[in-house]
1. For the range 90-191, what does the relative contact order come out to in percent, with C-alpha contacts under 8 Å and a separation of six or more?
2. Over the chain, with the other protein chains present, what is the accessible area per residue in square angstrom, probe 1.4 angstrom?
3. Cα axis of helix 171-181 to longest principal axis of the chain: angle in degrees, 0 to 90, nearest 10?
4. Ranked from the most accessible area to the least, with a 1.4 Å probe and all protein chains present, what is the order of Phe179, Phe167?
5. Can you give me the % of accessible surface on the chain that is carbon or sulfur? Probe 1.4 Å, all protein chains present, nothing else counted.
6. Any idea of Ser39's accessible area? Nearest 10 Å², probe 1.4 Å.
7. May I ask what percent, to the nearest 5, of DSSP beta bridges between residues of the range 98-177 are antiparallel?
8. Where a Cα-Cα gap under 22 Å defines reach, which lysines qualify for Lys81, not counting those fewer than 8 residues away within the same chain?
Amino acid sequence: MGRKCFISFKTEDIGYKEFIQNDLDVDMIDKSLDDPINSDNEDYIMRKIREDYLSDSTVTIFLIGPYSNENLGAYEQRFLKRELQASLYHGNGNTQNGILGVVLPEMYDSIYSGSGTCWSCGKTHTYVNLNDSTVIKEFSYNYYIPNGKCSWPEEDRFCVLVRWDDFIRTPENYIEEAFKKRSQDIANKTKVRP
Ligand SMILES: [Zn+2]
């Protein structure tokens, strides 16, 4: 029995969500936020989304496609952002979800742009472009959690990232990796609304 997952995705990427649902052995909640939940009480909004949508999921799979970036604007991304915020939210009676970002093939070139020598430590770093033009801030911040170093070793990242092609081969491995982050030290450094 795998971890229960919630999938956060843009409508344009629904084909990938359906593939996960129908062709992979992933235990998932088939819901998407479709109501802005108007309230001045942020805690209420987070609790409500957790109760009505994320329910007992422990991992949120975020599909990273051409339409899931910050630059498209807060209104356009209102549901995506709320889904990730509620996923990161520690509340009464719930711990946050692990976050697994799955890079869809259309985004490989913009996210994985090679590697280069670091001006600071002289070693080679792989470039993983997670910024406002590729993802929403809720993901990029909690992937590159500020650490004062020139790079981000595994233990300094809360979000887990995987290419679509690797994900569909062994989804349970990556889901488990994201699940485990919830009990690691880095879980104390996440931000719900970066
Ligand atoms: Zn370096």
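The values are calculated or read from the model by the stated rules, or taken from the named source; none is laboratory data. Quick caveat, the model's predicted, so the values are computed rather than measured. Remember, those area values only see protein heavy atoms, side chains included, never the ligands or the DNA or RNA. Shrake-Rupley method; radii C 1.70, N 1.55, O 1.52, S 1.80 Å.
1. Details: 118 pairs, mean separation 35.9, N = 102.
The value is 35 percent.
2. Details: 9770 Å² over 194 residues.
On a per-residue basis, the chain sits at 50 Å².
3. Roughly 90 degrees between the two axes.
4. On the way: Phe179 40, Phe167 0 Å².
Ranking Phe179, Phe167 by accessible area, largest first, yields Phe179, Phe167.
5. Details: 4400 of 9770 Å².
Solvent-exposed carbon and sulfur of the chain make up 45 percent of the total.
6. That residue has around 40 Å² of solvent-accessible surface.
7. 50
8. Lys4, Lys10, Lys17, Lys31, Lys48, Lys137, Lys181, Lys189, Lys191
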